[in-house]
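Engineer: Take this structure, written in structure tokens, and hold onto it; I'll ask about it next.
The values are calculated or read from the model by the stated rules, or taken from the named source; none is laboratory data. It should be emphasised that the depicted structure is a prediction, and the values quoted were computed from it without experimental measurement. Quick reminder, even Gly has a Cβ in these numbers, built from the backbone with ideal geometry, and neighbours come from all protein chains shown.
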Amino acid sequence: MLRLASVSRVHGQGAAEVHALRSVDLEVRPGEFVAVMGPSGSGKSTLLTLAGGLDSASSGQVVVEGTELGALSRKALAAVRRRSIGYVFQDFNLIPALTAAENVSLPRELDGLSGRKARAEALAALEEIGVAELADRFPDEMSGGQQQRVAIARALIGDRRLVLADEPTGALDSATGEAVLAVLRGRCDAGAAAVMVTHEARHAAWADRVVFLRDGRLVDESARSSAETLFSGVGPDGTGGL
Amino acid sequence: MKLTAWRAALRIARRDALRAKGRSALVIAMIAIPVLGVAAADVTYRSSELTVQERATRTMGTADAFVQIGSQAGWRVEQAPNPFGGATYTPADGGNSPSPTALEKSRAAEPLARLLQQALPAGARLLPLEQARLLPTSTANGVLPALIQGFDLADPLTHGMVDLDQGRWPTGPGQVAASTAFLKDSGLRIGRTTTPAGTSTPLTITAAVEFPGDLNDDQLVLWPTDLATVLAAQNTGTTGPAQPAGPPMGWLLAMPGHSGFSWDDVLKANQWGFVITSRAVLQDPPPDSAVPLDQDPGYHNLGRSSDPVATAVLATVVGMALLEIVLLAGPAFAVGARRSRRQLGLIAAGGGDRAHIRAVVLGSGVVLGLTGAVTGIVVGAIAVALGRGELESLSGARFGGYSLRPVDLLGIMLVGLVTGLLAAVVPAVQASRQDVMTSLTGRGIVKAPPAWLTVLGALAVAGGTAVALLGVGTGRGSMFILGGSILAELGAVACTPFLVGLFGRLGRLLPLGPRLALRDSTRNRGRTAPAVAAVMAAVAGAVAVSVYQSSSDTASRAQYQPSGAIGSVMLQYQSSDTPARMAAEAGAVQNSADLGPRGDLDRLYYQHDCDAPDMATCGTVTVAFPAALHCPGSANGSAQGTPVTGVQVLNKACASTMLNVGALDGENVIATGPAALPALLGGGLDPSAGQALAAGTALVTDPSLVTDGRVTLNLRLTDGTGGASPARTTTVSLPALVVNRPSAPVQAVLSPAAAVRAGLRTAPMAAVWLPSGASTAPSSSAWPPPSAGCPARPRCRWSADTRAPTVRSRSAWR
Ligand SMILES: Nc1ncnc2c1ncn2[C@@H]1O[C@H](COP(=O)(O)OP(=O)(O)O)[C@@H](O)[C@H]1O
Ligand SMILES: [Mg+2]
């Protein structure tokens, strides 16, 4: 589904050079829910943008559903984002001028699907997430949790099977956050793959696997079962237990 | 890009426009206002345009045709099926040298009635419309010149030419219909009377009427026999025997049973010299092959010209206005694109490629452009509908109907739409090139403008200016002027980021508020540049216009010649007036107010009177310029007929060579006695001047015209066509006294006796008075015109003719 092979990303030049990622290897299989943890500035967001084709790696390979992103034209890359990858940011995920259904159907419409079909798909996606009643509301008429759930619906519309979520619960209270995570978990159980950046160990516990980043390096990987034991005494930024 | 993607982009643009109401309203207004103006102009123009039938009704009422004499009754003419545009041609008259055939000459000698009888189909009824005359007629307060016509308004043939507003049609002699404009200007009402000049029978106004094509003209429609009386009275008042009234202006023609006047009938009437406007032909024009005029090479060689300068100015103004809107609206879109940067980033993250991002920003151009255009058109159309009455009286003609032309309005709407689209193009491209991550995180870098952009801009400014000047130089390059101006302005746009950057360095010197504003402008050069360039172009345009305005103002002042002293009163005679009539007129003026003693001005001529009716040769008298005072750029000192340049206007040596109409009928030297001097040259003259004049010395108002105490007069005989015969040019020299009056109406004054002694002849020209209450300041700057019709109004502007200067009357200000 997603494979990163010795991926590095360097920002800036000379004295201002920052190694955001250093030779990272990661593989995510269909149905897998991976949590990414690490201190602030460790390269978590960079990892996600590279995986999502929003930024290009300085070296190494990013492969999404068998396609090497680095070899693609800008247009083809946009098409991959449209068809294979869904993004969920911390907040302000939705276009304020569009209703929930329109937000969800936008990637499909940009892809050339007729308005009616795109809307039908969007309604189905909202239905799956359990927020069908939000279809005709504008973002500013929704709560933060509702917005995030709509964003997840958008991330999974059509044939999209890969969700990249950068602190999707960061702006939510914990109960709402749990509900959003339950949705993600459900989608992964239904066959999608998800990579989620989070600070909170409790949230990481929803994942099948947790990876740790420090100074742009992947320092550890742990399976879900071990993660649960590992996080029994960690600090809020997930570093204490290491 | 797929259509559904466009639809999605337009949806976002539309909702965004609704969300950012203030910014949208700004852009919509910028587009709607010019569109409103153009749409209103179009609707007005189209509504005022008449169908041929409507025009026919205004010209010929219910008649089948309107018959007019071509250039000469009996001379064959060729005409267009629709002669409204003046498309007629007389082959015999072709090159301004008449060469009628023998047949045409003999026909021209026949009486008009016989010609008409032969030219027109049997059984046609003719109703003559007599020549209209502009004649003074009495009003509630005095007299008013009115256009006087004569025909039977009750005749069904005239229905539609004149609309009855109030009252009832005149039914016999002694009754008159007056236009509503005349009633307003004269202060008269229905039931009151008016007496045309020269007659003694008052005519009773029975009707207030409206000429749908001439709402603002003072017009009277007399009973035909009354008009004949009026014209006869006019003709006996002048010198010589009474002249016949001349042929009528035309005839309304009714065919038996209104069967229509065919094109063949028109061609036949053309043979006899009549031009026919036929309702049937207008309705159903003949093919071009049946129109001799279209085949005649002589007519086509006359050529029809349009004014290239006007076209160039119009094209430049319209083109630049569009560019200004684009440049001013552009920043609004740029701001919009920046504000919604995160949204555009989200679209990109969700799989939008550059084309999609461009589509969203362009979509806002489409939405706002379309809304602005539609708003402008709707408001413009409504404004014309509401202001119809005002517009009609302003243009002086009733509309044919309220007419909206879909094709025109669609075109105007497209222009508005394209304007919006163009304004959004640059912001759209900028937004689409924005890096996705930069858009999402809001990280932005201020880049210095690339050097090539500034260099390219500077080159474009220089090149565009050169191209525009080339267009001005050749005088027929509207596309050059427009293209050059646009190129130069776009060049300025390209240079502006650099210039703004330069200014940004000054920020340190400024207090906090301006410093912030300046920094903000320099940080966002992309949207500052077009706005700065737009303001720059507007200022440049305003400066150009005001420089032109003040230059022509200066030229007008330099060219201004008063006709007399401030406060003086002048009565100018018609050259055809009899001495008795002149005396009567002068007496009437003298008695009308306390004007003081009268002075008489005589014009001078040499052997042959230039104002005689049969002017075969004409002897002009002018003041000779000393050789040292030569008008530059004029061969042999005569610049007449050649274009006048600014240098010439300001050079007094050129003044005498230029067409010099206005002050005292263009006479440079006149004859008069000492009594008229104050009224002519202003008070404060040395009494010795009057004595010298009486003693035979010429008074000269410009010292440079006097050499060794003498002034020279050029006496020149010209033949009737205006050419001079050099062999008959001579000069006379007279003793001269300088009276320094630089802006006097004449250059020299002689006494009548001295003029005769010098071999000249005199004829009465005018009477002048200087009322004792009037200011006796020298006639240095300006004076109110004697009868310009606005002395009571403060700050009245007047103009004796189109070439005369327009000057505010100073005495009227006080
Ligand atoms: N566009 C950029 N230009 C320069 N440095 C960047 C840029 N994006 C990220 N960085 C740097 O890369 C490092 C990793 O950043 P990021 O991936 O956002 O960390 P995290 O999401 O783990 O907090 C940080 O030091 C950050 O300052
Ligand atoms: Mg981050």
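Engineer: Which of the residues belonging to region A:147-170 are within 13 Å of chain B (Cβ to nearest Cβ), within 15 Å of ligand 1 (Cβ to nearest atom) and of a type outside the set (D, E, K, R)?
Structural biologist: Matches in region A:147-170: A:Leu164, A:Ala165.
This table checks each residue for (1) part of a helix (DSSP H, G or I); (2) within 13 Å of chain B (Cβ to nearest Cβ); (3) not small (Gly, Ala, Ser).
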site: A:Val63; (1), (2), (3): no, no, yes
site: A:Ala78; (1), (2), (3): yes, yes, no
site: A:Asn103; (1), (2), (3): yes, yes, yes
site: A:Ala118; (1), (2), (3): yes, yes, no
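Engineer: Among the numbered conditions (1) more than 10 Å from chain B (Cβ to nearest Cβ); (2) part of a loop (DSSP other than H, G, I, E, B); (3) in contact with a strand residue (DSSP E or B) (Cβ under 9 Å, 6 or more places away or on another chain), tell me where A:Leu54 comes up short.
Structural biologist: Every condition holds for A:Leu54 apart from (1).
Engineer: Here is a follow-up. I'm trying to understand the selection: among the residues of region A:12-51, which are away from ligand 2 (no atom under 13 Å from the Cβ), away from chain B (no Cβ under 14 Å) and not in a strand (DSSP E or B)?
Structural biologist: A:Gly14, A:Ala15, A:Glu17, A:Arg29, A:Pro30, A:Gly31, A:Glu32
Engineer: Where in region B:338-405 are there helices (runs of 4 or more DSSP H), lying wholly inside it, with at least 1 residues that are within 24 Å of B:Ala32 (Cβ to Cβ)?
Structural biologist: Ranges flagged: B:354-386, B:388-395.
Engineer: Sticking with this structure for a sec: Given the structure, is B:Ala334 modelled with pLDDT under 75 and either more than 14 Å from every other protein chain (Cβ to nearest Cβ) or touching a strand residue (DSSP E or B) at 6+ places or on another chain (Cβ under 8 Å) (or both)?
Structural biologist: Against the criterion (modelled with pLDDT under 75 and either more than 14 Å from every other protein chain (Cβ to nearest Cβ) or touching a strand residue (DSSP E or B) at 6+ places or on another chain (Cβ under 8 Å) (or both)), B:Ala334 does not qualify.
Engineer: On to the next question. Counting just the residues of region A:83-101 that are outside any loop (DSSP other than H, G, I, E, B) and surrounded by 23 or more Cβ atoms within 10 Å (Cβ to Cβ), which one comes out farthest from the other protein chains (Cβ to nearest Cβ)?
Structural biologist: If we take residues in region A:83-101 being outside any loop (DSSP other than H, G, I, E, B) and surrounded by 23 or more Cβ atoms within 10 Å (Cβ to Cβ), then A:Ala100 is farthest from the other protein chains (Cβ to nearest Cβ).
Engineer: In region B:150-171, how many are surrounded by fewer than 17 Cβ atoms within 10 Å (Cβ to Cβ) and farther than 28 Å from B:Met255 by Cβ?
Structural biologist: 3
Engineer: Sticking with this structure for a sec: Restrict the check to region A:2-11 and report whether at least one residue is within 13 Å of ligand 1 (Cβ to nearest atom) and within 14 Å of chain B (Cβ to nearest Cβ).
Structural biologist: Yes.
Engineer: Checking A:Gly70 against (1) at the interface with chain B (Cβ under 10 Å from one of its Cβ atoms); (2) surrounded by fewer than 24 Cβ atoms within 10 Å (Cβ to Cβ); (3) not in a loop (DSSP other than H, G, I, E, B): exactly one of these is not met. Which one?
Structural biologist: (1)
Engineer: Which count do you get for residues in region A:166-219 that are touching a strand residue (DSSP E or B) at 6+ places or on another chain (Cβ under 6 Å), within 16 Å of ligand 2 (Cβ to nearest atom) and assigned to a loop (DSSP other than H, G, I, E, B)?
Structural biologist: 4
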